[in-house]
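Enquirer: Mind looking over this structure? Questions follow.
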(Lines give C-alpha, C1' and ligand atoms only; values in the text may rest on other atoms or scores of the structure.)
Protein backbone atom coordinates (compact mmCIF):
# COMPACT_ATOMS: atom_id res chain seq x y z
CA UNK A 1 0.00 0.00 0.00
CA UNK A 2 1.41 3.43 -0.95
CA UNK A 3 0.42 6.86 0.30
CA UNK A 4 1.96 9.80 -1.38
CA UNK A 5 1.81 13.19 -0.03
CA UNK A 6 26.17 -18.98 27.25
CA UNK A 7 28.41 -21.92 28.63
CA UNK A 8 27.94 -21.42 32.45
CA UNK A 9 24.17 -21.21 32.29
CA UNK A 10 23.76 -23.94 34.90
CA UNK A 11 25.08 -21.58 37.56
CA UNK A 12 21.68 -19.93 37.52
CA UNK A 13 20.24 -22.91 39.30
CA UNK A 14 22.56 -22.82 42.31
CA UNK A 15 20.47 -23.70 45.33
CA UNK A 16 22.64 -21.53 47.54
CA UNK A 17 21.15 -18.59 45.68
CA UNK A 18 17.64 -19.80 46.27
CA UNK A 19 18.06 -19.32 50.00
CA UNK A 20 19.35 -15.79 49.80
CA UNK A 21 17.47 -13.08 51.57
CA UNK A 22 15.10 -10.55 50.09
CA UNK A 23 16.15 -8.02 52.70
CA UNK A 24 18.46 -5.06 52.21
CA UNK A 25 18.44 -3.78 48.65
CA UNK A 26 16.33 -6.60 47.25
CA UNK A 27 13.43 -4.41 46.22
CA UNK A 28 11.01 -6.72 48.07
CA UNK A 29 9.26 -5.24 51.10
CA UNK A 30 9.56 -7.46 54.20
CA UNK A 31 5.86 -8.32 54.16
CA UNK A 32 6.17 -9.63 50.60
CA UNK A 33 9.07 -12.03 51.13
CA UNK A 34 8.61 -15.36 49.37
CA UNK A 35 8.88 -18.54 51.48
CA UNK A 36 12.49 -19.52 52.16
CA UNK A 37 13.84 -15.99 51.98
CA UNK A 38 16.21 -14.75 54.66
CA UNK A 39 19.44 -16.62 54.06
CA UNK A 40 22.60 -14.81 52.96
CA UNK A 41 25.71 -16.05 51.17
CA UNK A 42 29.38 -15.16 51.59
CA UNK A 43 31.83 -16.61 49.07
CA UNK A 44 35.50 -17.04 50.00
CA UNK A 45 37.78 -17.15 46.96
CA UNK A 46 41.36 -18.43 47.18
CA UNK A 47 43.80 -16.09 45.36
CA UNK A 48 46.97 -17.47 46.94
CA UNK A 49 50.16 -18.00 44.96
CA UNK A 50 49.36 -21.63 44.16
CA UNK A 51 46.34 -20.48 42.15
CA UNK A 52 48.82 -19.40 39.47
CA UNK A 53 49.14 -23.09 38.54
CA UNK A 54 48.37 -23.93 34.91
CA UNK A 55 44.92 -25.27 34.15
CA UNK A 56 44.29 -26.07 30.50
CA UNK A 57 45.06 -22.97 28.43
CA UNK A 58 44.89 -20.71 31.50
CA UNK A 59 45.39 -20.88 35.26
CA UNK A 60 43.35 -21.94 38.27
CA UNK A 61 42.74 -18.33 39.28
CA UNK A 62 41.48 -17.45 35.80
CA UNK A 63 39.02 -20.36 35.82
CA UNK A 64 37.82 -19.55 39.33
CA UNK A 65 37.32 -15.87 38.47
CA UNK A 66 35.41 -16.72 35.29
CA UNK A 67 33.01 -18.94 37.21
CA UNK A 68 32.58 -16.38 39.98
CA UNK A 69 31.91 -13.52 37.55
CA UNK A 70 29.31 -15.55 35.67
CA UNK A 71 27.73 -16.52 38.97
CA UNK A 72 27.42 -12.87 40.02
CA UNK A 73 26.02 -11.92 36.60
CA UNK A 74 23.22 -14.48 36.95
CA UNK A 75 22.34 -13.94 40.60
CA UNK A 76 18.62 -13.37 41.21
CA UNK A 77 17.96 -9.82 42.34
CA UNK A 78 16.71 -10.96 45.77
CA UNK A 79 20.08 -12.45 46.74
CA UNK A 80 22.17 -10.78 49.45
CA UNK A 81 25.78 -11.81 48.93
CA UNK A 82 29.40 -10.88 49.53
CA UNK A 83 32.84 -12.06 48.41
CA UNK A 84 36.04 -12.35 50.43
CA UNK A 85 39.40 -12.97 48.78
CA UNK A 86 42.71 -13.85 50.36
CA UNK A 87 46.33 -13.89 49.20
CA UNK A 88 45.71 -11.59 46.24
CA UNK A 89 47.86 -8.57 47.15
CA UNK A 90 50.97 -9.58 49.10
CA UNK A 91 53.19 -12.63 48.90
CA UNK A 92 53.91 -13.53 52.55
CA UNK A 93 51.17 -11.79 54.52
CA UNK A 94 48.67 -13.88 56.48
CA UNK A 95 46.61 -10.71 57.02
CA UNK A 96 46.05 -10.31 53.28
CA UNK A 97 42.28 -10.81 53.41
CA UNK A 98 39.91 -8.38 51.73
CA UNK A 99 36.16 -8.05 51.62
CA UNK A 100 36.17 -7.20 47.91
CA UNK A 101 32.36 -7.26 47.81
CA UNK A 102 30.76 -6.42 51.19
CA UNK A 103 27.76 -8.50 52.16
CA UNK A 104 24.63 -6.78 50.89
CA UNK A 105 23.11 -5.94 47.54
CA UNK A 106 26.03 -4.51 45.55
CA UNK A 107 26.07 -3.35 41.95
CA UNK A 108 26.69 -6.43 39.83
CA UNK A 109 28.95 -4.49 37.47
CA UNK A 110 31.07 -3.25 40.39
CA UNK A 111 31.20 -6.74 41.90
CA UNK A 112 32.30 -8.33 38.62
CA UNK A 113 35.00 -5.68 38.20
CA UNK A 114 36.29 -6.38 41.72
CA UNK A 115 36.60 -10.12 40.98
CA UNK A 116 38.15 -9.44 37.58
CA UNK A 117 40.99 -7.43 39.18
CA UNK A 118 42.10 -10.30 41.44
CA UNK A 119 45.53 -11.83 40.89
CA UNK A 120 47.15 -14.76 42.69
CA UNK A 121 50.06 -13.84 44.97
CA UNK A 122 50.35 -14.98 48.59
CA UNK A 123 49.33 -17.11 51.56
CA UNK A 124 46.22 -19.21 52.37
CA UNK A 125 44.69 -17.78 55.59
CA UNK A 126 41.54 -19.94 55.55
CA UNK A 127 40.82 -19.67 59.28
CA UNK A 128 40.89 -15.88 59.48
CA UNK A 129 38.81 -15.66 56.30
CA UNK A 130 36.12 -17.97 57.68
CA UNK A 131 36.03 -15.99 60.93
CA UNK A 132 35.55 -12.73 58.99
CA UNK A 133 32.79 -14.26 56.83
CA UNK A 134 30.98 -15.56 59.93
CA UNK A 135 31.29 -12.16 61.62
CA UNK A 136 29.66 -10.55 58.59
CA UNK A 137 26.77 -13.01 58.81
CA UNK A 138 26.54 -12.21 62.53
CA UNK A 139 24.83 -14.06 65.40
CA UNK A 140 21.52 -12.26 64.96
CA UNK A 141 21.31 -11.90 61.21
CA UNK A 142 19.42 -15.07 60.39
CA UNK A 143 20.77 -18.19 58.67
CA UNK A 144 23.61 -17.84 56.20
CA UNK A 145 25.93 -19.89 54.03
CA UNK A 146 29.70 -19.67 53.57
CA UNK A 147 31.05 -21.14 50.32
CA UNK A 148 34.82 -21.67 50.32
CA UNK A 149 36.76 -22.38 47.11
CA UNK A 150 40.42 -23.22 47.85
CA UNK A 151 43.27 -25.04 46.11
CA UNK A 152 45.09 -25.87 49.34
CA UNK A 153 45.12 -26.05 53.10
CA UNK A 154 45.75 -23.41 55.77
CA UNK A 155 49.29 -21.95 55.53
CA UNK A 156 49.10 -19.48 58.42
CA UNK A 157 49.59 -21.80 61.43
CA UNK A 158 45.94 -21.79 62.43
CA UNK A 159 43.19 -24.36 63.02
CA UNK A 160 40.26 -23.81 60.63
CA UNK A 161 38.21 -26.78 61.92
CA UNK A 162 38.53 -25.60 65.50
CA UNK A 163 37.58 -22.08 64.43
CA UNK A 164 34.35 -23.33 62.82
CA UNK A 165 33.45 -25.22 66.03
CA UNK A 166 34.06 -22.06 68.08
CA UNK A 167 31.93 -19.94 65.75
CA UNK A 168 29.08 -22.43 66.01
CA UNK A 169 29.29 -22.31 69.82
CA UNK A 170 29.06 -18.50 69.60
CA UNK A 171 25.61 -18.93 68.08
CA UNK A 172 26.30 -17.80 64.52
CA UNK A 173 23.85 -19.70 62.32
CA UNK A 174 25.65 -20.67 59.12
CA UNK A 175 26.38 -23.62 56.89
CA UNK A 176 29.87 -23.98 55.45
CA UNK A 177 30.50 -25.73 52.13
CA UNK A 178 34.02 -26.31 50.81
CA UNK A 179 35.21 -26.96 47.27
CA UNK A 180 38.76 -28.21 46.83
CA UNK A 181 40.12 -26.97 43.50
CA UNK A 182 42.99 -29.20 42.36
CA UNK A 183 43.91 -30.30 45.93
CA UNK A 184 45.93 -33.28 47.18
CA UNK A 185 44.42 -35.93 49.45
CA UNK A 186 46.10 -34.35 52.49
CA UNK A 187 44.74 -30.90 51.62
CA UNK A 188 41.33 -32.37 50.95
CA UNK A 189 41.14 -33.83 54.49
CA UNK A 190 41.32 -30.37 56.06
CA UNK A 191 38.63 -29.00 53.74
CA UNK A 192 36.44 -32.06 54.45
CA UNK A 193 36.83 -31.35 58.17
CA UNK A 194 35.75 -27.73 57.60
CA UNK A 195 32.63 -28.79 55.74
CA UNK A 196 31.76 -31.42 58.35
CA UNK A 197 32.12 -28.98 61.27
CA UNK A 198 30.18 -26.39 59.25
CA UNK A 199 27.28 -28.76 58.56
CA UNK A 200 27.84 -28.56 54.82
CA UNK A 201 29.34 -30.59 51.98
CA UNK A 202 32.83 -31.04 50.55
CA UNK A 203 33.50 -31.59 46.85
CA UNK A 204 36.72 -31.84 44.85
CA UNK A 205 37.14 -30.16 41.45
CA UNK A 206 40.05 -30.59 39.04
CA UNK A 207 38.93 -28.19 36.29
CA UNK A 208 36.37 -25.51 35.47
CA UNK A 209 33.67 -28.00 34.56
CA UNK A 210 34.13 -29.90 37.80
CA UNK A 211 34.09 -26.61 39.68
CA UNK A 212 30.68 -25.97 38.15
CA UNK A 213 29.58 -29.49 39.08
CA UNK A 214 30.81 -28.90 42.64
CA UNK A 215 28.71 -25.75 42.92
CA UNK A 216 25.71 -27.74 41.70
CA UNK A 217 26.40 -30.19 44.51
CA UNK A 218 26.29 -27.27 46.92
CA UNK A 219 22.90 -26.50 45.44
CA UNK A 220 21.60 -29.86 46.51
CA UNK A 221 22.78 -29.15 50.06
CA UNK A 222 20.75 -25.94 50.23
CA UNK A 223 17.13 -25.04 49.57
CA UNK A 224 16.58 -25.05 45.81
CA UNK A 225 15.01 -22.27 43.79
CA UNK A 226 12.11 -22.78 41.43
CA UNK A 227 12.22 -22.05 37.72
CA UNK A 228 10.02 -19.66 35.78
CA UNK A 229 10.24 -20.38 32.04
CA UNK A 230 8.99 -17.55 29.81
CA UNK A 231 8.45 -17.46 26.05
CA UNK A 232 7.18 -14.60 23.87
CA UNK A 233 5.70 -15.48 20.48
CA UNK A 234 4.43 -13.69 17.41
CA UNK A 235 2.68 -15.78 14.74
CA UNK A 236 4.18 -18.93 16.21
CA UNK A 237 7.76 -17.61 16.17
CA UNK A 238 9.68 -16.85 19.35
CA UNK A 239 10.37 -13.21 20.03
CA UNK A 240 12.96 -11.25 22.00
CA UNK A 241 10.96 -9.20 24.49
CA UNK A 242 11.66 -7.30 27.71
CA UNK A 243 10.69 -9.02 30.99
CA UNK A 244 9.90 -7.51 34.38
CA UNK A 245 9.14 -9.88 37.28
CA UNK A 246 7.62 -8.46 40.47
CA UNK A 247 6.54 -10.02 43.72
CA UNK A 248 2.75 -10.39 43.64
CA UNK A 249 1.29 -6.89 43.91
CA UNK A 250 4.71 -5.53 44.92
CA UNK A 251 8.12 -4.44 43.68
CA UNK A 252 10.36 -5.64 40.87
CA UNK A 253 12.61 -8.57 41.83
CA UNK A 254 14.05 -9.66 38.49
CA UNK A 255 14.22 -8.68 34.83
CA UNK A 256 15.79 -9.39 31.50
CA UNK A 257 14.84 -10.51 27.99
CA UNK A 258 13.21 -13.54 26.43
CA UNK A 259 15.15 -15.32 23.70
CA UNK A 260 14.27 -15.59 20.01
CA UNK A 261 15.42 -19.25 20.14
CA UNK A 262 14.79 -20.89 23.52
CA UNK A 263 12.56 -20.21 26.54
CA UNK A 264 14.15 -17.80 29.05
CA UNK A 265 14.44 -19.48 32.45
CA UNK A 266 14.57 -17.34 35.59
CA UNK A 267 15.59 -18.93 38.90
CA UNK A 268 13.51 -17.46 41.69
CA UNK A 269 12.76 -17.98 45.33
CA UNK A 270 9.50 -19.88 45.86
CA UNK A 271 6.56 -17.49 45.85
CA UNK A 272 3.91 -15.76 43.75
CA UNK A 273 4.92 -13.35 41.00
CA UNK A 274 3.45 -10.89 38.50
CA UNK A 275 5.19 -10.91 35.11
CA UNK A 276 5.08 -8.23 32.41
CA UNK A 277 6.55 -8.96 28.97
CA UNK A 278 6.92 -6.08 26.49
CA UNK A 279 7.46 -6.22 22.74
CA UNK A 280 9.78 -3.23 22.27
CA UNK A 281 10.24 -3.80 18.53
CA UNK A 282 6.93 -2.13 17.63
CA UNK A 283 5.46 1.34 18.10
CA UNK A 284 3.77 1.80 20.45
CA UNK A 285 5.43 -0.79 22.68
CA UNK A 286 3.01 -3.59 23.54
CA UNK A 287 2.89 -5.25 26.97
CA UNK A 288 1.32 -8.50 28.17
CA UNK A 289 0.92 -9.20 31.90
CA UNK A 290 0.34 -12.43 33.81
CA UNK A 291 -0.50 -12.11 37.49
CA UNK A 292 -0.23 -14.67 40.26
CA UNK A 293 2.30 -17.06 38.70
CA UNK A 294 3.32 -19.53 41.41
CA UNK A 295 6.93 -20.74 41.61
CA UNK A 296 7.64 -23.80 43.75
CA UNK A 297 11.03 -25.05 44.94
CA UNK A 298 12.49 -27.62 42.59
CA UNK A 299 9.70 -27.18 40.02
CA UNK A 300 9.34 -25.33 36.72
CA UNK A 301 6.46 -22.98 35.93
CA UNK A 302 6.00 -22.22 32.22
CA UNK A 303 4.20 -19.26 30.65
CA UNK A 304 3.82 -18.19 27.01
CA UNK A 305 2.97 -14.63 25.92
CA UNK A 306 1.38 -14.13 22.50
CA UNK A 307 1.78 -10.85 20.58
CA UNK A 308 -0.05 -9.53 17.53
CA UNK A 309 1.73 -9.29 14.18
CA UNK A 310 2.57 -5.71 13.30
CA UNK A 311 2.73 -3.89 9.98
CA UNK A 312 5.60 -1.97 8.44
CA UNK A 313 5.78 1.73 7.54
CA UNK A 314 8.28 2.83 4.87
CA UNK A 315 8.56 6.61 5.26
CA UNK A 316 10.40 9.13 3.02
CA UNK A 317 10.47 12.88 2.39
CA UNK A 318 10.98 14.40 -1.09
CA UNK A 319 11.79 17.84 -2.44
CA UNK A 320 11.94 18.43 -6.18
CA UNK A 321 11.86 14.67 -6.71
CA UNK A 322 14.89 14.05 -4.47
CA UNK A 323 14.95 12.46 -1.04
CA UNK A 324 15.83 14.88 1.74
CA UNK A 325 16.94 14.57 5.33
CA UNK A 326 14.01 15.60 7.52
CA UNK A 327 12.90 15.21 11.10
CA UNK A 328 9.81 13.00 11.46
CA UNK A 329 7.23 11.86 13.98
CA UNK A 330 4.48 9.24 13.78
CA UNK A 331 1.26 9.67 15.78
CA UNK A 332 -1.37 7.05 16.69
CA UNK A 333 -4.89 8.13 15.82
CA UNK A 334 -7.37 9.19 17.04
CA UNK A 335 -5.57 10.10 20.29
CA UNK A 336 -2.58 11.62 18.39
CA UNK A 337 -0.06 9.98 20.73
CA UNK A 338 3.49 10.09 19.36
CA UNK A 339 4.75 6.52 18.92
CA UNK A 340 7.99 7.03 17.00
CA UNK A 341 10.29 9.80 15.82
CA UNK A 342 13.71 10.36 14.32
CA UNK A 343 15.30 11.40 11.05
CA UNK A 344 14.47 10.50 7.45
CA UNK A 345 17.40 9.60 5.23
CA UNK A 346 18.50 10.66 1.75
CA UNK A 347 19.56 7.08 0.96
CA UNK A 348 16.19 5.32 1.33
CA UNK A 349 12.97 5.04 3.33
CA UNK A 350 13.03 4.68 7.10
CA UNK A 351 11.25 1.53 8.31
CA UNK A 352 9.00 1.73 11.38
CA UNK A 353 7.19 -1.29 12.82
CA UNK A 354 3.66 -0.34 13.90
CA UNK A 355 0.66 -2.14 15.28
CA UNK A 356 -2.31 -2.28 12.92
CA UNK A 357 -4.45 0.87 12.93
CA UNK A 358 -4.70 4.50 11.78
CA UNK A 359 -1.72 6.86 12.04
CA UNK A 360 -0.47 10.27 10.98
CA UNK A 361 3.09 10.99 9.89
CA UNK A 362 4.68 14.44 9.97
CA UNK A 363 8.05 15.53 8.60
CA UNK A 364 9.87 18.87 8.92
CA UNK A 365 12.53 20.09 6.52
CA UNK A 366 14.91 21.52 9.11
CA UNK A 367 17.07 23.16 6.46
CA UNK A 368 14.28 25.67 5.93
CA UNK A 369 14.35 28.26 8.69
CA UNK A 370 10.64 29.08 8.48
CA UNK A 371 9.50 25.48 9.16
CA UNK A 372 8.45 23.56 6.08
CA UNK A 373 6.21 20.68 7.18
CA UNK A 374 4.22 17.92 5.44
CA UNK A 375 1.71 15.48 6.97
CA UNK A 376 -0.15 12.37 5.85
CA UNK A 377 -2.80 10.13 7.43
CA UNK A 378 -2.57 6.42 6.64
CA UNK A 379 -3.65 2.94 7.76
CA UNK A 380 -1.30 0.12 8.80
CA UNK A 381 -2.39 -3.48 8.28
CA UNK A 382 -0.87 -6.54 9.97
CA UNK A 383 1.75 -8.24 7.86
CA UNK A 384 1.77 -5.52 5.18
CA UNK A 385 4.12 -2.66 4.28
CA UNK A 386 2.63 0.80 3.95
CA UNK A 387 4.71 3.28 1.96
CA UNK A 388 4.27 6.97 2.76
CA UNK A 389 6.13 9.59 0.70
CA UNK A 390 5.89 13.09 2.13
CA UNK A 391 6.45 15.24 -0.94
CA UNK A 392 5.93 18.84 -1.99
CA UNK A 393 8.43 20.49 0.34
CA UNK A 394 9.06 24.05 -0.86
CA UNK A 395 11.95 26.45 -0.40
CA UNK A 396 13.56 29.56 -1.71
CA UNK A 397 17.20 30.51 -1.25
CA UNK A 398 18.44 34.01 -0.39
CA UNK A 399 22.08 35.05 -0.19
CA UNK A 400 22.45 38.02 2.18
CA UNK A 401 25.40 40.39 2.64
CA UNK A 402 25.98 43.72 4.37
CA UNK A 403 28.36 45.97 2.39
CA UNK A 404 30.38 49.15 3.06
CA UNK A 405 32.76 50.62 0.54
CA UNK A 406 32.59 47.45 -1.55
CA UNK A 407 33.50 45.14 1.35
CA UNK A 408 31.37 42.80 3.39
CA UNK A 409 30.88 43.78 7.03
CA UNK A 410 29.62 41.78 10.01
CA UNK A 411 26.05 42.80 10.88
CA UNK A 412 23.03 41.35 12.67
CA UNK A 413 19.98 40.48 10.54
CA UNK A 414 16.38 39.28 10.75
CA UNK A 415 14.39 37.98 7.77
CA UNK A 416 10.68 37.74 8.74
CA UNK A 417 7.90 36.09 6.75
CA UNK A 418 4.61 37.97 6.70
CA UNK A 419 2.33 34.99 5.98
CA UNK A 420 2.07 32.59 8.89
CA UNK A 421 5.07 33.97 10.72
CA UNK A 422 8.53 32.45 10.94
CA UNK A 423 11.92 34.01 10.45
CA UNK A 424 15.63 33.46 9.98
CA UNK A 425 18.09 35.56 11.96
CA UNK A 426 21.69 35.75 13.05
CA UNK A 427 24.87 37.41 11.79
CA UNK A 428 26.03 38.21 8.29
CA UNK A 429 29.65 37.11 7.86
CA UNK A 430 32.52 38.99 6.25
CA UNK A 431 33.97 36.05 4.31
CA UNK A 432 30.93 35.43 2.09
CA UNK A 433 27.15 35.76 1.83
CA UNK A 434 24.85 34.20 4.41
CA UNK A 435 22.64 31.56 2.76
CA UNK A 436 19.05 31.43 4.04
CA UNK A 437 16.63 28.68 3.04
CA UNK A 438 13.04 29.77 3.63
CA UNK A 439 9.48 29.03 2.55
CA UNK A 440 8.10 30.95 -0.42
CA UNK A 441 6.28 34.14 0.61
CA UNK A 442 6.71 37.85 1.29
CA UNK A 443 9.50 38.89 3.64
CA UNK A 444 10.81 41.96 5.47
CA UNK A 445 14.56 42.24 6.06
CA UNK A 446 16.14 44.19 8.94
CA UNK A 447 19.93 44.64 9.15
CA UNK A 448 21.76 46.40 11.99
CA UNK A 449 25.44 47.34 12.11
CA UNK A 450 26.13 48.98 15.44
CA UNK A 451 23.78 51.99 15.64
CA UNK A 452 22.99 51.94 11.92
CA UNK A 453 19.84 50.15 10.74
CA UNK A 454 18.62 49.29 7.24
CA UNK A 455 15.29 47.83 6.20
CA UNK A 456 13.97 46.22 2.99
CA UNK A 457 10.27 45.39 2.86
CA UNK A 458 8.06 43.31 0.60
CA UNK A 459 10.67 40.89 -0.69
CA UNK A 460 8.75 38.28 -2.70
CA UNK A 461 10.20 34.77 -2.89
CA UNK A 462 8.75 31.87 -4.87
CA UNK A 463 9.60 28.17 -4.82
CA UNK A 464 12.97 27.60 -6.49
CA UNK A 465 14.11 31.22 -6.20
CA UNK A 466 17.80 31.92 -5.59
CA UNK A 467 18.14 35.62 -4.86
CA UNK A 468 21.13 37.72 -3.87
CA UNK A 469 20.48 40.74 -1.61
CA UNK A 470 23.20 43.21 -0.65
CA UNK A 471 22.40 45.85 1.97
CA UNK A 472 24.61 48.96 1.58
CA UNK A 473 25.87 50.95 4.57
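The values are calculated or read from the model by the stated rules, or taken from the named source; none is laboratory data. What you are looking at is a predicted structure, and each value in this text was computed from that prediction instead of being measured. With ideal geometry, Cβ positions are generated from the backbone for all residues, glycine too; neighbour counts draw on all protein chains shown.
Enquirer: Please pick out the residue among 182, 162, 171, 199 that is on the phi > 0 side of the Ramachandran plot and modelled with pLDDT of 90 or more.
Expert: Going through 182, 162, 171, 199 in turn, the sole match is 199.
Enquirer: Let me ask something else about it. Would you mention how many residues in the stretch 412-422 are surrounded by 12 or more Cβ atoms within 10 Å (Cβ to Cβ) and over 19 Å from residue 449 (Cβ atoms)?
Expert: So the answer is 3.
Enquirer: Look through 351, 347, 372 and report the one residue that is crowded, with 18+ Cβ neighbours inside 10 Å and in the same structural domain as residue 326 (by TED's automatic domain parsing).
Expert: Every option except 372 fails the conditions.
Enquirer: Now, a different point. Only one of 465, 444 is farther than 30 Å from residue 316 by Cα and surrounded by fewer than 20 Cβ atoms within 10 Å (Cβ to Cβ); which?
Expert: 444
Enquirer: Residue by residue through the stretch 392-411, note down the ones that are within 17 Å of residue 366 (Cβ to Cβ) and surrounded by fewer than 20 Cβ atoms within 10 Å (Cβ to Cβ).
Expert: Hits for the stretch 392-411 are 392, 394, 397.
Enquirer: Taking interchain pairs and intrachain pairs at least six residues apart, which have beta carbon atoms under 7 angstrom, with the first residue in the stretch 391-410 and at positive phi and the second surrounded by 21 or more Cβ atoms within 10 Å (Cβ to Cβ)?
Expert: From the stretch 391-410, the pairs are 392/374.
Enquirer: Considering only the stretch 121-163, state which residues are touching a helix residue (DSSP H, G or I) at 6+ places or on another chain (Cβ under 7 Å), surrounded by fewer than 24 Cβ atoms within 10 Å (Cβ to Cβ) and in a helix (DSSP H, G or I).
Expert: 127, 131, 161, 163
Enquirer: Now a separate question. Considering only residues that are touching a helix residue (DSSP H, G or I) at 6+ places or on another chain (Cβ under 7 Å) and surrounded by fewer than 20 Cβ atoms within 10 Å (Cβ to Cβ), which ones fall in the stretch 108-118?
Expert: Passing the criteria: 108, 112, 116.
Enquirer: Among what's in the stretch 66-107 and is in a helix (DSSP H, G or I) and in contact with a helix residue (DSSP H, G or I) (Cβ under 6 Å, 6 or more places away or on another chain), pick the residue that is modelled with the lowest pLDDT.
Expert: For the stretch 66-107, the residue satisfying everything is 71.
Enquirer: Can you go through 233, 264 and tell me which one is within 29 Å of residue 66 (Cα to Cα), out of contact with any helix residue (DSSP H, G or I) (no Cβ under 6 Å at 6 or more places or on another chain) and assigned by TED's automatic domain parsing to the domain that holds residue 292?
Expert: 264
Enquirer: Right, here's the next one. Give just the number: which of (1) crowded, with 20+ Cβ neighbours inside 10 Å; (2) at pLDDT 80 or above; (3) more than 17 Å from residue 124 (Cα to Cα) does residue 43 not satisfy?
Expert: In the conditions (1) crowded, with 20+ Cβ neighbours inside 10 Å; (2) at pLDDT 80 or above; (3) more than 17 Å from residue 124 (Cα to Cα), residue 43 misses (3) alone.
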